[in-house]
Structures are given as structure tokens and as C-alpha cells.
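Down below is the structure, laid out as C-alpha cells.
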Amino acid sequence: MILSRFVPLLGLLFCATPASSPVPSADAGAPPPQAAKPTLLVFITVDQMRADYLDKWKSQFTGGLKRLVDGGALFTNAHQDHAITETAPGHASTMSGRFPRSTGISRNLAGVNDSTPLLADAAGLGASPARFRGTTLTDWLTTADARTHALSVSYKDRGAILPIGRSKQDVYWYSPSGIFTTSKWYRDTLPAWVTNYNATYGERYAGRVWTPLLPLSAYPEPDSVPVEGNGRFFQFPYALSASPDTVRRQLPNTPFLDEATAGLALVGLEALGIGKGPETDVLAVSFSATDLIGHRWGPDSRELHDQILRLDRTIGGFLDSLYKLRDSARIIIALTADHGVTPFPELSQTRYNPPPLRVNLRPAMAAARAVLFAGKVDTLAAQLESGSLVIDRVSGLTPALINASADSFVAVARRIPGVARAERFSELSRHDLGKDAIARRWLNMYGPDVPAEAIVVLTPGSYRVEFTIAMHGSPLDDDSHVPILFYGAPFKPGRYPAFVRTVDIAPTLAQVLGVTPTEPLDGRALTAAIK
């Protein structure tokens, strides 16, 4: 069985305490010298990773984040430069070098889920990249060398699928059944190495308890904040079932989910021969636990603090194991995030000016729909989707009704406390897009085929009143500001303060790997960080 052959290596990864965590050597921050073209690109996405986490807790890092930050090229003013900062648009932009207006992936609800069946009778929605438009770095690599192979794994289907795009490679994600699966877009049956991993990985977590990794004095955050976790289960410890079958379904909302994801990536790497060369292969890993924990407990929580420390150890063990399996001199690494997150308004009253609010946008929607009702048009044609008013072209809808409905929405929204900006979408291009990041990010969001008529942006730190978990999705910097980091011999270590975008990642990697994008890109190569 494949898994059993790599238990010694995976043991480095699945560490329970700092004492058993791999600690980098004194020179671990310096990438190894590279003698030849890379044979492996490791692309790491941390779901909901705010850029400031890397500085906020850097002094407590001992593993992979420490290694990458100390020895990599870190861009400290990097952004997802589009308006709806959600998982699907963020993952679709990083490896394609194109904004959502070009990839066609503008929101989670119109991301990857469709009727494509999952394998192994897995529970959950079907999924495929059918809505994704264009190509990604994987396609450019396979165009240059057909031997290129990609493996992408994540808890989330969109986190696994969208970095690879439409390419039919090895792509796997977690099912509510507690197993990793894929869909018939990619293959007809699960490979044996995935089936074997599903059968055994739960044993590693049975009976585990999530407690703070470090002494409590290392955590300034209080552990008794009722706004966290919807007022339920918001204090350590968090115990898992002693049953391996049950515990597999409990891993989400714990740091152990990232360990299980990294374990599958390592087993798949060896089973598929990824990174052995001579071609450049791709290993894409999207770690989702930071997003699940961040939503439930928020970015100011002790739980999130501990998650980032454990992620540091998980990535450290993952890289240590990877470097035992493949030639470290021929590996390059990129790390980023799909979006950030905004803290709970109740915990941010002194963080922003004016203090953030819980904002009720229902009166603006009622005004927009009242116009449609008066015109005898289905009122549900008007929908508010992540800050944009979208009016579907239904029977009886005229340009005059569209304009009147959108104008009514904007007029009412502007009078609602907590609204910073409400504007017709058609007016955004009149602004100076170099200075007006909000207008620019909305224009980067939608192509001409999406009937967005108006946009609304809340004041910094404010939430819509219906949200009960920590949120992201806005064009504001709390949600857009993410890390971009490159590590390996082709890159010049250091901190780079220039404004850059996640669409710049793919062209940068393409230049380093000597491949040519097969279509026009929105991003540009970040040559300042390339030797």
C-alpha cells in the first residue's frame, strides 16, 4: 500500500507539539543553489490569509512560514485587485494571470459547482471547471512540454480546480463524506493511492484534541468572546471523536485539516512521480483551514492565532518531507492567498473611523424591486450579489426599467448608515483608476456579459446585518491585501514594498520557467524579484 511506505516521511508532517515539529537549521532561510531548470513548482494558496499575519506572529514561527519569509522574495503590498474577494475568483486569478472579468469566475455561487458527478459515491455538489475561461500556467507548461503533470489538492473543490483551470490533470478535494474525491470531468474512478489514503488517514486524528500549541501566555487574545462561533463552542479545548470514520468528517474547523491535505499531496506526489523531471511539473496545494477557522472565530481570535502557528509547522513538515522526496535544488515555491478577511465590527470600534456598523441594505433592494413590480416584471430579476446589483434580462424588462430600478437602488443605498459608496456600474470608468482602487477593482470583476447595474461598498470594517460569521468579499484592503512570496534559486530574497497584484504571479513564474503564455494576460512579470 502506497501510504504505508511513506509513514516515516509523513510523520515529519503530522506533528502534535512544538517539540516534535521540524525546526529549520541555521541556514534554512537561504534557498539551495539551483543548477538546472526547475522540475517542480509548488504553488501554495492559504485560504483567507491576511498579509499582516506573516508579520504579526513571525516571532513565533519555527517551520515553513519562517523558512519562506526569511529566505524568499516577499511582496508586502500585494492585492487581489478585484472587487468580490471570494475563494473562487481568487483561486481563478492566481495561476491564470487574469482578472475575473477574463476568467469568467466572478463569485463562489457561479464557480465550479454543477451536475458533474463525484466519484466513489462521495457526498456533496458536483464540480468541474466548465465555467472557467482561458488557460493557466499548467497549460503553458504542457504546451511547451507535453510531459508536464499537475497534481492539485484542497479541502475545497474550487480551491483544487481553479488553479489548474480546464486542464484534465490530477485534481482532488474533500467531500462531506469524509473522503477525498474528484469528479468525472477528470476520470472515471478514484486511483488506488487516493482510495488507500481515504481508508487510513482518519486513524491519525481519532481522539485528538485541539489545544493551544504554545503556552497560554503566548496568546494575547482572550478565549471568551461570545461573538466568535455564533456564541457556541468558542473556547478551547476542541475534542475530536475516537472513531476514525467519524473524525474524518470533523476535521474541517480544525488545523488538522491542513495536515490531512498536505499528507494527500505528498502521497500523490510520489505515486504519480510528480517533480522527477526532466519536465517542470506542478504541485498545487490550497490550505483551507485558515478560512474555516477564520470565518467561525474571526481574525482576532485565539483560535485563528493558533491556526497560523500550526500552519507554519504543517508547511514546515510538508517542505521537509518534500525535500527528502525530490531534489530541493530544482524546486521553486510560490505562496499567496485568495483573499483576506474583515474583523467582526463589534471588536473593531476603535480600529476604524467612523466605527463600523451592521448595515441593512434591504431598503435599497426593496426600492429596486418596487420599480420592477410597477413595470410588471418579476421582482426577483434584481439580486444583490456580493455588493453588486445584478438585474437578469427577463421577459418584459426594458432599458428604461433597468435604469429606473438601478437608480432607485443607488439613491436609497446612499442614505443608509454604513454605506460608503453606491454608484451605477456604468459610471465607474469615469474615475481615475490609478487612484480609485474601488472603481478599478469593480471594473476588473465583471465582463460585458454580466448584467451588473450598480455597486455598493460599506464603510471599512462594516458588515451587512445578516452576516453572523466573520466575512470577506469586499473591494476594501482588509479583504484584498494578501501575501505574495516566491522562494527558490531564481529569486532574490528580500521584502518588496511595491504595489503588485495576484495576476502578476503567473507571468512571473512563466518567465522563470521559460514558457510563454498562450493568451494575453492582465498581469506582468515581477522582474525585481528575479535574479
Practice problem: Could I have the simple spin-label model distance between A239 and Y352, label points 7 Å from Cα toward Cβ, reported in nm to one decimal? | Solution: 3.9
Self-check item: Residue-wise HN-Hα coupling along region 478-483, computed from phi with Karplus coefficients 6.51, -1.76, 1.60 (Hz; x: Gly, Pro)
Solution: 3, 8, 8, 7, 9, x
Practice problem: Quote the FRET efficiency, to the nearest 0.05, computed for I530 versus R430 with a Förster distance R0 of 41 Å and r equal to the Cβ-Cβ distance. | Solution: 0.65
Self-check item: Share of pairwise Cα separations in the chain, more than 31 Å, in percent
Solution: 45
Quiz item: Mean residue ellipticity at 222 nm from the helices of the chain, using -39,500 (n - 2.57) per DSSP H segment of n ≥ 4 over the full residue count, to the nearest 500 deg cm²/dmol?
Solution: -8500 deg cm²/dmol
Quiz item: Using the Cβ atoms and a cut-off under 10 Å, what net charge is assigned to the surroundings of R107, where Lys and Arg are +1 and Asp and Glu are -1?
Solution: -2
Quiz item: Ordered by packing density, taken as the mean number of other Cβ atoms within 10 Å over each peptide's residues, highest first, how do 93-99, 106-112, 201-207 rank?
Solution: 93-99, 106-112, 201-207
Quiz prompt | the chain, relative contact order [Cα under 8 Å, separation at least 6], % | solution = 28
Quiz item: How big is the charge dipole of region 347-458 about its Cα centre, in debye rounded to the nearest 20, if each Lys and Arg gets +1 on its Cβ and each Asp and Glu gets -1 on its Cβ?
Solution: 400
Quiz item: How about region 367-437: which GluC sites (Glu not before Pro) there lie in a loop by DSSP and see at most 14 other Cβ atoms within 10 Å?
Solution: none
Practice problem: With r as the distance between the Cβ atoms of N360 and L325 and R0 = 45 Å, compute the FRET efficiency 1/(1 + (r/R0)^6) and round to 0.05. | Solution: 0.25
Quiz prompt | Distance (nanometres) between label positions extended 7 Å along Cα→Cβ at A374 and R147 | solution = 6.9
Quiz item: Net charge near A337, counting Lys/Arg +1 and Asp/Glu -1 over other residues with Cβ under 10 Å of its Cβ?
Solution: -2
Quiz item: Arranged by the count of other C-beta atoms within 10 angstrom, fewest first, what order do M365, M445 take?
Solution: M365, M445
Self-check item: Local electrostatic count at R302 - Lys and Arg +1, Asp and Glu -1, tallied over other residues with Cβ under 14 Å
Solution: -3
Quiz prompt | Inter-probe distance in nm under a simple model that places probes 7 Å from Cα toward Cβ, at R232 and K58 | solution = 4.1
Quiz item: Dividing the convex hull volume of the alpha carbon atoms of region 358-458 by its residue count, what do you get in Å³ per residue?
Solution: 93
Quiz item: Order of 80-87, 447-454, 288-295, 473-480 by packing, highest average Cβ count within 10 Å first?
Solution: 80-87, 288-295, 473-480, 447-454
Quiz item: Scanning the chain for helices, which whole DSSP H stretches are 27 Å or more long along the axis (Cα) and average -1.0 or more by Kyte-Doolittle?
Solution: 302-325
Exercise. Kindly provide the Kirkwood hydrodynamic radius of region 373-531 in Å, to one decimal, from all pairs of distinct alpha carbon atoms.
Key: 18.6
Self-check item: Reachable lysines from K37, criterion Cα separation under 16 angstrom, eight or more residues apart if same chain
Solution: K276, K531
Exercise. For V500, list long-range residues whose amide hydrogen, built 1.01 Å from N in the peptide plane, is under 5 Å from its own amide hydrogen.
Key: N77, A78, H79
Quiz prompt | Dipole moment magnitude, nearest 20 debye, the chain about Cα centre, only Lys, Arg, Asp, Glu C-beta charged | solution = 340
Practice problem: With 10 Å bins from zero, work out the P(r) of region 166-319 over every alpha carbon pair and list the percent per bin. | Solution: 10, 35, 33, 16, 5, 0
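Readers should treat all values here as calculations from the given coordinates under stated rules, not as data from a laboratory. Just so you know, these numbers come straight off a predicted model, no measurement behind them. In this analysis, Cβ positions are derived from the backbone assuming ideal geometry, glycine residues included, and neighbour counts consider all displayed protein chains.
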